[in-house]
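The values are calculated or read from the model by the stated rules, or taken from the named source; none is laboratory data. Everything quoted here is computed from the prediction, not taken from an experiment. Every residue, glycine as well, gets a Cβ built from its backbone with ideal geometry; the counts of neighbours run over all protein chains shown.
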Amino acid sequence: MTEELVWRIAGGSGDGIDSTSQNFAKALMRSGLDVFTHRHYPSRIRGGHTYVEIRASPEPVKSRGDGYNVLLALGDSFARNPEQDAYYGNEEIKPLSENLDELREGGIIIYDEGLIDVEEIPEFESRAEENDWHVYPLDLRAKARELGREVMRNTAGVGATAALLEYDLEHIEDLMEDAMDGEVLETNLQILRESYDEVSEMEFTHSLRIPEGEHDDEQVLLSASNAIAYGALDEGCRFIAGYPMTPWTEVFTLMSQYLPDVGGISEQVEDEIASAALALGASHAGVKAMSGSSGGGFALMSEPLGLAEMTETPVVLVEAMRAGPSTGMPTKPEQADLEHVLYTSQGDSTRVVFAPGNVEEAYDQTRAAFRLAYEYQLPAIVLYDQKIGGELRNVDESFFDREPNPDLGATLTEEEIAEAAHHASGKFNRFQHDPGNDKGVSPRSIPGQKGGRFLATGNEHNEQGHISEDPENRIAQVDRRLGKLSAIREELDAEESSHQHGHGPEDADYGVLTFGSQQGTVEEAVDRLNENGHSVKSLGVSDLMPFPEAEVTEFLESVEECLVVEMNASGQFRGLVQRELGRFGPKMNSLLKYNGNPFEPHEIVEGFETQFEADEPAPTTRFVPAAGD
């Protein structure tokens, strides 16, 4: 029995690759397997090589695999005309030609010979023979045209895949019936079954099969984008404003879809400055609110973000990192916005920043972001990237069985306002700095409450909100606002469950440190390293501001040396750790990847061996030794 299936479906944007892969992933999940998807797509609406990879195993999977073992290449039906002397070559064949390097030995290739001519792929036959690939050319295009429409060739391809792997069609058919009806459903079912039956009669030259598995609990298939949206809704968010920008758009779309069902409001506005400002206004008026964007759009939010810090208006912002700078590579993952998110806007930052490492953490930490933002009256940011925002994983449905929290945080009732301190003019002392308040949180009124009138301004201000440049007031207000971060850190440290996720033997000699979306890949690499006789553990850090000094210190003190894994070229997370804990600089070496693809486990294994055994790193990564080495 095959230990795991890693199936890659490749075609052009617009060929239904994403929806087809999602349904196949759900079918494998319903068969009792753990699944993990990885999506690669160009920044084009139609055409351009795109693929989705599904890794399925009876055992939990936290990462994409090292390569894959089954390829369904549909060709690119929206390809540019190669006769136009374009820069991009023959795009029609790229779903096959550009996916050969990562196909494992003994793997299966199913390709649509109605669209792909293998004669145009140099050395295809010799490479297939050398790697023992099992090649099955099928005219999927003709089958789709005969019975329905050309776009339905992806259905024919799924039928062929199921037949070659001896996988029953039951779950696939159930999902198709959930998603379609009428003539479209009947046509797709006919194409699926006929393709399955025809391929089943062929003589197979391979032994790969889909593994068997079983789940103890009901499963759901989600990305971090889903989890962020669900966490926001469960924590009482009832307003979102935004402007579409890949890859943040998915969170915005999901929230816009669900908010009307709970009495909330979604606003698409003209730009990201307006969207963040609208969210601030909604929060000021007494509603839990959020906004967000990706790198370039978030840059426009710097001014509203600083306004939220100065006026102490709670709000949650989402930042979905992608390869930059400027437009960069809009659909490719990177972790290079860390410093931007930590320090953008003028002045000293008083914000919370979380970088969840998986779907469950995305849900939990989004809820925590709302809770802390509204309790401590500051902005909180959920930082993630295209990788975790787009990859799908199965999660126990019971994980999300939580109580909602509509509470607005540290606000006063009218009765409490009447008892609170006021200026002689009658204005409420909204920004009072009480030396006895170790949290730094001033009492908050909501506009319209009797006796709660105050001014809100982006200038430094006194207790009532009037502009003030008095030196003593300035020091008191800044110290109070910054004091919130110390209080938040104490609160997070006191909680039973940490946002930092350790993995591996506690007494390991060496460490791997990472943040955000690389956590699962690092953990799989750590498992492999320990199986190979190394002594390694890892720590995935989610709390970026305020920084979890005690937990990271304990981890770094316990190891001889540490590899810091991140998806950027400048080692921004390593720089943050060294800023906070400079004495550990000589212990930390960087493993960096920034080619538009996330890490694979083997690259981290090779990076570790580069650090400690002087081997060559993977050609897709860059190793940067500790300062002074």
**Message:** Just to be sure I understand the filter: pairs with C-beta atoms under 7 Å, separated by 6 or more residues or on different chains, first member in the range 521-535 and in the same structural domain as A508 (by TED's automatic domain parsing) and small (G, A, S), second member surrounded by 15 or more Cβ atoms within 10 Å (Cβ to Cβ) and assigned to a helix (DSSP H, G or I). Which pairs pass?
**Reply:** A525/P601; A525/I604; A525/V605
**Message:** For the range 450-475, give me the residue count where each residue is part of a loop (DSSP other than H, G, I, E, B) and more than 40 Å from the chain's Cα centre (by Cα).
**Reply:** 11
**Request:** Tell me which residues, restricted to the range 499-523, are surrounded by fewer than 24 Cβ atoms within 10 Å (Cβ to Cβ) and acidic (D, E).
**Result:** E506, D507, D509
**Asked** Looking only at the range 427-446, which residues are assigned to a loop (DSSP other than H, G, I, E, B), touching a His at 6+ places or on another chain (Cβ under 7 Å) and over 16 Å from A308 (Cβ atoms)?
**Response** N429
**Message:** I want to confirm something. Restricting to the range 20-59 and keeping residues that are in contact (Cβ under 8 Å) with a residue 60 or more places away in the chain and hydroxyl-bearing (S, T, Y), which single residue is surrounded by the fewest Cβ atoms within 10 Å (Cβ to Cβ)?
**Reply:** S43
**Asked** Name the residues in the range 217-261 that are under 15 Å from the mean Cα position of the chain (by Cα), acidic (D, E) and assigned to a loop (DSSP other than H, G, I, E, B), would you?
**Response** none
**Scan of the range 570-629 for residues that are touching a His at 6+ places or on another chain (Cβ under 8 Å) and under 17 Å from A355 (Cβ atoms), ordered by number** = P598
**Request:** Under 6 Å between Cβ atoms, at least 6 apart or on separate chains: pull out the pairs that start in the range 341-361 with a residue that is within 26 Å of G390 (Cα to Cα) and end on any residue that is at pLDDT 95 or above and basic (K, R).
**Result:** V359/R393
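Please verify whether L115 is modelled with pLDDT of 95 or more, assigned to a loop (DSSP other than H, G, I, E, B) and at negative phi, treating the condition exactly as stated.
On the way: modelled with pLDDT of 95 or more: no; assigned to a loop (DSSP other than H, G, I, E, B): yes; at negative phi: yes.
So L115 fails the test.
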**Message:** Among the residues of the range 305-312, are any part of a helix (DSSP H, G or I), in contact with a Gly (Cβ under 6 Å, 6 or more places away or on another chain) and farther than 30 Å from E566 by Cβ?
**Reply:** yes
**Asked** Is it true that A128 is of a type in the set (A, V, I, L, M, F, W, C), at pLDDT 95 or above and either in a loop (DSSP other than H, G, I, E, B) or surrounded by fewer than 20 Cβ atoms within 10 Å (Cβ to Cβ) (or both)?
**Response** yes
**Message:** If a residue must be within 14 Å of L169 (Cα to Cα) and assigned to a loop (DSSP other than H, G, I, E, B), how many such residues does the range 192-208 contain?
**Reply:** 0
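Tally up the residues in the range 40-54 that are of a type in the set (A, V, I, L, M, F, W, C) and farther than 9 Å from A10 by Cβ, please. Spell out how you get there, then give the answer.
Narrowing the range 40-54 to residues of a type in the set (A, V, I, L, M, F, W, C): 45, 52, 54.
Filter again for farther than 9 Å from A10 by Cβ, leaving 45, 54.
The total comes to 2.
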**Asked** Out of all the residues in the range 301-311, is one or more touching a residue at least 40 places away in the same chain (Cβ under 8 Å), surrounded by fewer than 24 Cβ atoms within 10 Å (Cβ to Cβ) and among the hydroxyl-bearing types (S, T, Y)?
**Response** yes
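Hey, can you tell me all the residues within the range 575-602 that are closer than 28 Å to P42 by Cα, outside any loop (DSSP other than H, G, I, E, B) and either of a type in the set (F, W, Y) or touching a residue at least 60 places away in the same chain (Cβ under 8 Å) (or both)? Walk me through it before giving the result.
Pass one, the range 575-602, residues closer than 28 Å to P42 by Cα: 591-602.
Among the residues that remain, those that are also outside any loop (DSSP other than H, G, I, E, B) are: 591-592, 601-602.
Result: P601, H602.
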**Request:** For G607, indicate whether it is modelled with pLDDT of 95 or more and either surrounded by 15 or more Cβ atoms within 10 Å (Cβ to Cβ) or among the charged types (D, E, K, R) (or both).
**Result:** no
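Please determine whether any residue of the range 329-337 is over 26 Å from A25 (Cβ atoms), in contact (Cβ under 8 Å) with a residue 60 or more places away in the chain and surrounded by fewer than 24 Cβ atoms within 10 Å (Cβ to Cβ).
For the range 329-337, residues over 26 Å from A25 (Cβ atoms), in contact (Cβ under 8 Å) with a residue 60 or more places away in the chain and surrounded by fewer than 24 Cβ atoms within 10 Å (Cβ to Cβ): present.
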**Complete:** Taking the range 146-168 and keeping only residues that are modelled with pLDDT of 95 or more, among the hydrophobic types (A, V, I, L, M, F, W, C) and within 32 Å of the chain's Cα centre (by Cα), one is left with A156, V158, A160, A162, L165
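Can you spot a residue in the range 400-410 that is touching a His at 6+ places or on another chain (Cβ under 7 Å), in contact (Cβ under 8 Å) with a residue 60 or more places away in the chain and not assigned by TED's automatic domain parsing to the domain that holds P598?
Filtering the range 400-410 for residues touching a His at 6+ places or on another chain (Cβ under 7 Å) gives none.
No, there is no match, as no residue in the range 400-410 is touching a His at 6+ places or on another chain (Cβ under 7 Å), in contact (Cβ under 8 Å) with a residue 60 or more places away in the chain and not assigned by TED's automatic domain parsing to the domain that holds P598.
Would you pick out the residues in the range 262-280 that are part of a helix (DSSP H, G or I) and either buried (at least 16 other Cβ atoms within 10 Å of the Cβ) or outside the structural domain of G242 (by TED's automatic domain parsing) (or both)?
Taking the range 262-280 as the starting set, the residues that turn out to be part of a helix (DSSP H, G or I) are 262, 272-280.
Selection gives E272, I273, A274, S275, A276, A277, L278, A279, L280.
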**Item:** the range 531-547, subset of a type outside the set (S, T, Y) and part of a strand (DSSP E or B), residue nearest to K484 (Cα to Cα)
**Value:** M545
**Request:** Restrict the check to the range 539-554 and report whether at least one residue is free of Cβ contacts under 8 Å to residues at least 12 places away in the same chain and surrounded by fewer than 24 Cβ atoms within 10 Å (Cβ to Cβ).
**Result:** yes
**Request:** Consider P95 carefully, then state whether it is over 25 Å from V395 (Cβ atoms) and in a helix (DSSP H, G or I).
**Result:** yes
**Prompt:** Pairs, please: C-beta under 7 Å, at least 6 apart or cross-chain, first residue farther than 15 Å from I109 by Cα and in the range 137-161, second aliphatic (A, V, I, L, M) and outside any helix (DSSP H, G or I)?
**Reply:** R141/L115; R153/L74
